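Can you keep this structure in mind? I'll have questions shortly.
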Amino acid sequence: MAEVLTAALAIAAKDISIELRTKTAFMSALVFAILVLAILFFARDPTAVAAIDVAPGALWVTFTFAAMVGLNRSFLLERENRALEGILLSPIPRSSIFLGKLIGNLAFVFTIELISLPIFMLFYDVAIWSGLPRLLIVMVMTSVAFVSVGTLLSSMVVRTRFAELMLPLLLLPFLVPPVVGAVQVTARIMAERPLNEVAGWLKLLAAFDIVFFILSLMLFEATLEE
Amino acid sequence: MNPRQNAVRLNLKGQLITWVALLGLAGVYVRALAFTPIERTQGPAQKIFYLHAPAAMTALMAFALTGVVSIFYLWLKDRKLDLFAASSAEVGVAFSVVMLTTGPIWGKPIWGTWWSWDARLTSTLFIFLLFVGYLVMRGALEDPRVRAQYSSVIGIMGLLLVPFIHISVYLFRTLHPTPIIAKPSAPSLPQEMLVTLLISALVFLLFYVGFVTQRYSLGLLRELKHEEAARGIS
Amino acid sequence: MRDLSRTFGYRLILDRLNFRVDRGAVLAVMGPNGAGKTTLLRVLSGVLKPTSGSVERSQRIGMVGHHSMLYDALTAAENLAFYCRLFGITDRNRVQEVLDLMGLSRWQHQRVGTFSRGMTQRLAVARALLAEPDLLLLDEPLSSLDEYGVDAVLQLLMRLRDEGTSMVLVGHEVSSVTQLATSIGFLVGGHMDVIEELGGRDGREIAERYREVVRG
């Protein structure tokens, strides 16, 4: 168990150092997030639709699309110079590779989210201070959901010619349960309504996390074989 | 008999089954239009239900089979299993299109709108889109082994996604109940309608078998052709 | 290795190969381009699985392939440190040792993306040697090296061979191959003929045979 984690952390650390050095994916995702937030703010009739009504949806569309910008880069990295084969030659368990990539992707996505969140609050004039801890928990749960599936899918999609197109195509159906749930819960948090109204969604989110994390982990090895 | 001849015979059997199904479909039309009573609240438009519901059921069954057979592929690695899974997915996609087009055609005269975010339509839409993605990905991968592996992964993930999508749509709708007449697809159907429905379901099942058989056998023939071509080179 | 077969797409690339490589033995695999030599090495390394048949190999394998398997954005030292972590090598000096061995210490803090092909090749060899492997798989390891590099790496490989490391080597230069190899296999059309005990024969005979096979 411990070796799985140490190997995973080694891979995640390597990915993070590389990203810190080049920063291209990160900057693209961040700029993308800010643009989407701004555009969605303007994409309505301000006299008919209040900013706060579109806010939860805007937040989550921004988070997921910005994340997709960054998900492919993780495995694209391993394809140049066939670096993944070097990793496969080492004695580490295959599941560590998935975990390492997942942790790296999660770090990427969380950073984007944490930076976009105050910008969101600024643009949409939503001050979510009291609900912040609960919002952060929802962000973690939802991000784990789509990053697990996204990591698995990107390991396959990088081999095709249209990776940038294929990842959203395949990933979007999987986003429906967690993201729709996240929007519902976020809306309640922003309206400062009690969360037991959305207990069903929270349970769905948790169940999705567990099922798809384990499933993605198990199926990952199948994507490595040739 | 060599594999090529077997595949051709299988294809012919598939075509035969499809023709029988076509006849069956004609029979269903006759029965639905002439011998089944008109539904009281919805009028003649309701009759499209006899196409819509079986298409939906068969599509869902097709996708479920793709998922289950994918599990077997990952276990047994027999490429024929992958071929079957892909054929089933294609037929599922086709039937989903039928369901997604008959739904609005049915809905417009009754609800006044073409599309309503009705639970079943919405769920089917997302699963349909996932399997379209499945087919697109298959098209982008040339190596048959990699294609089979990756398809199985998507198939299994899709299979497990279905319940989550259903629950999501259900939760969404209970939060936002819409004042729409519920579809009379509950089993409180009068006898004659039920019979028509069942016959139609059987016909669609026959179509499924016919189409999948044809698709599968064509796939076998294509594999054989590739193998022969490759042997010719080396 | 027993009855090893491997298909690529629909083509049978390796057809029921059978051979073994003992300690301190070096098998050189030669053959025309596209014969499947690289595929053979990849199956031996475990990256590819055979379509049928089996491979028995030791755990500690080092491989130098056509691609460097290195990260361009990281420095030479960082790349090696990463692989040390993957192989569970805790000795902090190992990276330095291996860099010195391959004559790369001067550039250890430079990003691999800036390296010349020859330097990348040497670093790839360094990476393969990190875990002190029993078996080395080398796919044209001398191809991008200058004369000095070829000499140095060849000497190193011969020393490793004498110390007991087994190797399977793919190469085209007959002269270097004959110095290093203890047996030669000619891979053509999915089949391989192995000539054991090179002892007496000289380079010219092998070169002749090679030319025959390639023209074949």
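The values are calculated or read from the model by the stated rules, or taken from the named source; none is laboratory data. Being a predicted model, the structure only gives us computed values, none of them experimental. All Cβ positions, glycine included, derive from the backbone under ideal geometry; neighbour counts span all protein chains shown. Ligands, DNA and RNA are excluded from the accessible area calculation, which covers all protein heavy atoms including side chains. Shrake-Rupley method; radii C 1.70, N 1.55, O 1.52, S 1.80 Å.
In Å and on Cα atoms, what radius of gyration and Dmax does region A:42-157 show?
So, for region A:42-157, Rg and Dmax equal 17.8, 62 Å respectively.
How many Cβ atoms of partner chains, on average, are near each residue of C:35-46 if near means within 10 Å of its Cβ?
1
State to the nearest 20 debye the size of the charge dipole of chain A about its Cα centre, where the only charges are +1 on K and R beta carbons and -1 on D and E beta carbons.
120
GNM, chain B, Cα, under 10 Å: largest mean-square fluctuation among B:ASP78, B:ASP118, B:ASP143?
Among B:ASP78, B:ASP118, B:ASP143, the largest GNM mean-square fluctuation belongs to B:ASP143.
Take the alpha carbon gyration tensor of region B:58-178, find the square roots of its eigenvalues, order them as a ≥ b ≥ c, and report rounded if a/c is under 1.5; if not, report prolate when a/b exceeds b/c, else oblate.
prolate
Run the reach check for B:LYS108 against lysines, Cα to Cα strictly under 17 Å, same-chain hits fewer than 8 apart removed. What comes back?
Counting by Cα, and skipping residues close in sequence, B:LYS108 has these lysines nearby: B:LYS47, B:LYS183.
Can I ask one more? Can you give the charge dipole size of the protein assembly as shown about its Cα centre, rounded to the nearest 20 debye, using +1 on the beta carbon of Lys and Arg and -1 on the beta carbon of Asp and Glu?
Computed charge dipole of the protein assembly as shown: roughly 1620 debye.
If I histogram all Cα-Cα distances within region A:19-109 using bins 5 Å wide from 0, what percent of pairs lands in each bin?
Using 5 Å bins, I get a P(r) of 2, 12, 18, 17, 14, 11, 8, 7, 5, 3, 2, 1, 0 for region A:19-109.
Counting alpha carbon pairs within less than 8 Å and at least 6 residues apart, what relative contact order, in whole percent, applies to chain C?
Relative contact order comes out at 31 percent.
With a 1.4 Å probe and every protein chain left in place, tell me how much accessible area C:LYS49 has, in Å² to the nearest 10.
In the full protein context, C:LYS49 sits at about 110 Å².
Let me ask another. Do any of A:LYS101/A:LYS203; B:LYS13/B:LYS77; B:LYS77/C:LYS49; A:LYS14/B:LYS77 go past 23 Å between their Cα atoms, and which?
From the list (A:LYS101/A:LYS203; B:LYS13/B:LYS77; B:LYS77/C:LYS49; A:LYS14/B:LYS77), the Cα-Cα distance tops 23 Å for A:LYS101/A:LYS203; B:LYS13/B:LYS77; A:LYS14/B:LYS77.
Once Lys and Arg get +1 and Asp and Glu get -1 on their Cβ, which of B:TYR150, B:PHE126, B:PHE204 lies farthest toward the positive end of the dipole of chain B?
Of the candidates, B:PHE204 comes out farthest on the positive side.
Could you quote the convex hull projected area for region A:143-199, Cα atoms only and averaged over all directions, in nm²?
Average of the hull's projected areas for region A:143-199 equals 4.3 nm².
Direction-averaged shadow area of the convex hull around the Cα atoms of chain A, nm²?
13.2
Compute, for C:VAL21, the solvent-accessible surface of its heavy atoms (probe 1.4 Å) with the complete set of protein chains present, and express it in square angstrom to the nearest 10.
Rounded to the nearest 10, the figure is 50 Å².
Can you give me the convex hull volume of the Cα atoms of region C:80-158, divided per residue and expressed in Å³?
Residue-normalised Cα hull volume stands at 99 Å³.
Using a/c under 1.5 as the rounded threshold, could you call the protein assembly as shown rounded, prolate or oblate? The axes a ≥ b ≥ c are square roots of the C-alpha gyration tensor eigenvalues, and prolate needs a/b larger than b/c, oblate otherwise.
Oblate, since a/c reaches 1.5 and b/c is not below a/b.
Okay, next question. Which aspartates and glutamates have a Cα less than 20 Å from the Cα of B:LYS225, not counting those fewer than 8 places away in the same chain?
B:ASP78, B:ASP82, B:GLU142, B:ASP143
A further question follows. Helix-derived [θ] at 222 nm for chain B: sum -39500 (n - 2.57) over DSSP H runs of at least 4, divide by residue count, nearest 500?
Result for chain B: -29000 deg cm²/dmol, rounded to the nearest 500.
Another question about this same structure. Quick check for you: which residues of region C:15-50 have the amide N under 15 Å from the point 7 Å beyond the Cα of C:ILE195 toward its beta carbon?
The answer is C:27-32, whose backbone nitrogens lie closer than 15 Å to the label point.
Quick one: compute the contact order of region A:94-226, relative version, from alpha carbon pairs under 8 angstrom and 6+ residues apart, as a percent.
34
Give me the Debye-computed log₁₀ of I(q)/I(0) at q = 0.14, 0.18 Å⁻¹ for chain C, equal point scatterers on Cα only, no solvent, two decimals.
Ignoring solvent entirely, the Cα scatterers give -0.87, -1.33.
For chain A, modelled as a GNM with alpha-carbon contacts under 10 angstrom, which of A:ALA58, A:ALA191, A:ALA145 fluctuates the most?
A:ALA191
Can you give the relative contact order of chain A as a percent, counting alpha carbon pairs under 8 Å and 6+ residues apart?
26
How big is the dipole moment of region C:32-128 about its Cα centre under a simple scheme where the beta carbon of each Lys and Arg is +1, that of each Asp and Glu is -1, and everything else is neutral? Debye, nearest 20, please.
Value, rounded to 20: 140 debye.
Rounded to the nearest 500, what is chain C's calculated 222 nm mean residue ellipticity when only DSSP H runs of at least 4 contribute -39500 (n - 2.57) each, over all residues?
My calculation for chain C gives -11000 deg cm²/dmol from helical runs alone.
Put +1 on the Cβ of each Lys and Arg and -1 on the Cβ of each Asp and Glu in chain B; which of B:VAL28, B:HIS166, B:GLY14 then has its Cα farthest toward the positive end of the dipole?
The residue sitting farthest along the positive end of the dipole is B:GLY14.
Would you kindly state the longest site-free stretch of chain A, with sites defined as chymotrypsin sites (Phe, Trp or Tyr not before Pro) in a DSSP loop (not H, G, I, E, B) surrounded by at most 15 other Cβ atoms within 10 Å?
Within chain A, the longest run free of exposed chymotrypsin sites (Phe, Trp or Tyr not before Pro) spans A:1-128.
Specify the residue with the greatest mean-square fluctuation among A:SER154, A:SER17, A:SER143, computed from a Gaussian network of chain A linking alpha-carbon atoms under 10 Å apart.
Greatest mean-square fluctuation among the candidates belongs to A:SER17.
While we're on this one: Along the positive direction of the dipole of chain A (beta-carbon charges: Lys, Arg +1; Asp, Glu -1; about the Cα centre), which of A:LEU20, A:ALA207, A:VAL140 reaches farthest?
Towards the positive end, the residue furthest out is A:LEU20.
A further question on this structure: Over 15 Å apart: what share of the alpha carbon pairs of region A:167-226 falls there, rounded to a whole percent?
61
While we're here: Is the C-alpha gyration tensor of region B:1-103 telling us rounded, prolate or oblate? Criteria: a/c under 1.5 is rounded; beyond that, a/b larger than b/c is prolate, otherwise oblate.
Because a/c hits 1.5 or more and a/b fails to exceed b/c, region B:1-103 counts as oblate.
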